[in-house]
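Here is the structure we will look at.
The values are calculated or read from the model by the stated rules, or taken from the named source; none is laboratory data. Please read all numbers here as calculations on a predicted model, not as lab measurements. Counting neighbours? That spans all protein chains shown, and the Cβs are built from the backbone with ideal geometry, glycine included. SASA here: full protein model, heavy atoms, side chains in, ligands and nucleic acids out. Shrake-Rupley method; radii C 1.70, N 1.55, O 1.52, S 1.80 Å.
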Amino acid sequence: MIKIVDAYLNFGSTHALANVNLTIDAGEQIALIGPSGSGKSSLLKVLATEHSLNQGEYVYDDTTPANLPARKLQQFRSNIAYIPQDLALIPNLKVSQNVLLGKIGKSHLPATLKDLIFPAAHKIKSVHSILDEVGIKEKIFHRTDSLSGGQQQRVAIARALYQQASSILADEPVSAVDPSRAHSLLSCLTTLSKKHKLTLISSLHNLDYAREFFPRLIGMRAGRIVFDGSPDDFSDDEFRKLYKLSSSHTSDTIE
Ligand SMILES: Nc1ncnc2c1ncn2[C@@H]1O[C@H](COP(=O)(O)OP(=O)(O)OP(=O)(O)O)[C@@H](O)[C@H]1O
């Protein structure tokens with residue numbers, strides 16, 4: 001279970017997060033929605049321990065990461081797969097090597113380097129089967145920068161699955177792809193995270209996809225949570241409140 005209590009994250013005088021309170025059960029699938037600059041990435045970065053809160057508390061399965069020494073924090077992080085907006089893939093490595101890097105936090109550096117250069121057959125088999133699940137197994141030995149943006153997003157998802165974490169945090173995972181690929185990529189991400197019993201928290205700009213694929217939506221505005229509920233409860237009023245639009249706008253009128 002993830003718990004955030006009275007959380008603030010500040011950059012100078014900007015509250016990237018303000019008075020955020022949140023409880024997320026293991027296995028939930030959540031879309032973070034809201035206008036640009038509303039705090040979605042900031043919340044994901046706090047959950048991924050890329051940022052520390054200025055005030056408040058973040059607890060993950062009874063662990064408070066802010067209290068962990070560096071070595072334990074690395075162990076903690078290895079249990080959370082974070083897919084940043086820029087994917088953080090290494091372009092000149094093979095797809096298989098980028099996926100193998102998913103476990104970098106779970107072993108010592110020499111072992112990881114050995115895996116990259118001389119991967120054991122069973123590890124390649126496991127990478128191959130995950131790449132099959134995300135639909136790009138034929139790319140396993142291709143250089144990552146020879147893949148399209150959407151294929152690279154699949155590599156990042158495969159790396160997250162290979163990590164065998166308990167949660168996946170994805171920041172705009174379909175930003176770089178056309179609508180039909182975005183649909184199939186989100187379908188892949190939500191189906192696989194459900195199959196592997198992972199908690200999935202993803203920021204999304206496309207409201208239709210958020211409604212279609214995620215049973216819980218969290219709407220953010222100016223660093224605060226202003227909506228938390230099911231897609232069925234996300235009325236046109238809630239939509240206008242979130243995006244501060246006039247009454248002529250409905251959720252069908254954007255994206
Ligand atoms: N490293 C940083 N330094 C200074 N200000 C930051 C930093 N990161 C975020 N902010 C500010 O915090 C606020 C929230 O930003 P955040 O990136 O979390 O929004 P977002 O909802 O993810 O936006 P987008 O949808 O455009 O990715 C914004 O005002 C942003 O300018």
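If I compute solvent accessible area with a 1.4 Å probe over the protein chains, what percent of it on the chain is carbon and sulfur?
Within the chain, the accessible surface is 51 percent carbon and sulfur.
Step through the table entries K106/K197; K40/K139; K72/K94; K45/K139; K40/K244, compare each Cα-Cα distance with 22 Å, and write down the pairs that go over it.
Violating the 22 Å Cα-Cα cut-off are K40/K139; K72/K94; K45/K139.
Mind ordering 200-213, 44-57 by average Cβ neighbours within 10 Å, highest first? Before the final figure, lay out the partial values.
Working: 200-213: 21.4, 44-57: 17.3.
Per-residue Cβ counts within 10 Å, averaged per peptide and sorted highest first, yield 200-213, 44-57.
Quick check: residue separation of D25 and Q164 times 0.36 nm, minus the Cα distance between them. What number comes out in nm?
48.2 nm
On alpha carbon coordinates alone, what is the Rg over Rh value for the stretch 74-143, Rh being the Kirkwood radius?
My calculation of the ratio gives 0.95.
Counting only heavy atoms of protein chains, what accessible area per residue, in Å², does the stretch 1-92 have with a probe of 1.4 Å?
Per residue, the stretch 1-92 has 49 Å² of solvent-accessible surface.
According to the square roots a ≥ b ≥ c of the eigenvalues of the Cα gyration tensor, what is the shape class of the stretch 167-221, taking rounded for a/c under 1.5, prolate for a/b larger than b/c otherwise, and oblate for the remainder?
Oblate, since a/c reaches 1.5 and b/c is not below a/b.
Which whole-number value in Å² is the accessible area per residue of the stretch 139-200, probe 1.4 Å?
Solvent-accessible surface per residue comes out at 40 Å².
Provide the gained length on full extension for the span H108 to S230, in nm with one decimal, where the gain is 0.36 nm per separating residue minus the Cα-Cα distance.
39.7 nm
Which percent, to the nearest 5, of DSSP beta bridges fully inside the chain are antiparallel?
Close to 55 percent.
I'd like the Karplus ³J(HN,Hα) series for the stretch 178-184: coefficients 6.51, -1.76, 1.60, θ = phi - 60°, whole numbers in Hz, and an x wherever there's a Gly or Pro.
Values per residue, Gly and Pro as x: 6, x, 6, 5, 4, 4, 6 Hz.
Give, as ranges by residue number, the residues of the stretch 12-52 whose backbone N falls under 17 Å from the point 7 Å along Cα→Cβ of H205.
From the stretch 12-52, the list is 32-42.
Mind checking the full-extension length gain between E57 and D178? Use 0.36 nm per residue of separation minus the Cα-Cα distance, one decimal, nm.
On the way: separation 121, 0.36 × 121 = 43.56 nm, distance 3.80 nm.
Here the segment from E57 to D178 would lengthen by 39.8 nm.
Quick one: Karplus J couplings for the stretch 216-221, per residue in order, coefficients 6.51, -1.76, 1.60, θ = phi - 60°, nearest Hz, x for Gly and Pro?
10, 10, 10, x, 10, 8
Compute the Cα gyration tensor for the chain, then decide on rounded, prolate or oblate, letting a ≥ b ≥ c be the square roots of its eigenvalues: rounded whenever a/c is under 1.5, prolate when a/b is larger than b/c in the other cases, and oblate in all that remain.
oblate
So, with +1 on the Cβ of K and R and -1 on the Cβ of D and E, and no other charges, what is the size of the charge dipole of the stretch 89-164 about its Cα centre, to the nearest 20 debye? Walk me through the intermediate numbers first.
Numbers: 11 positive and 5 negative charges, 32 e Å.
My answer is approximately 160 debye.
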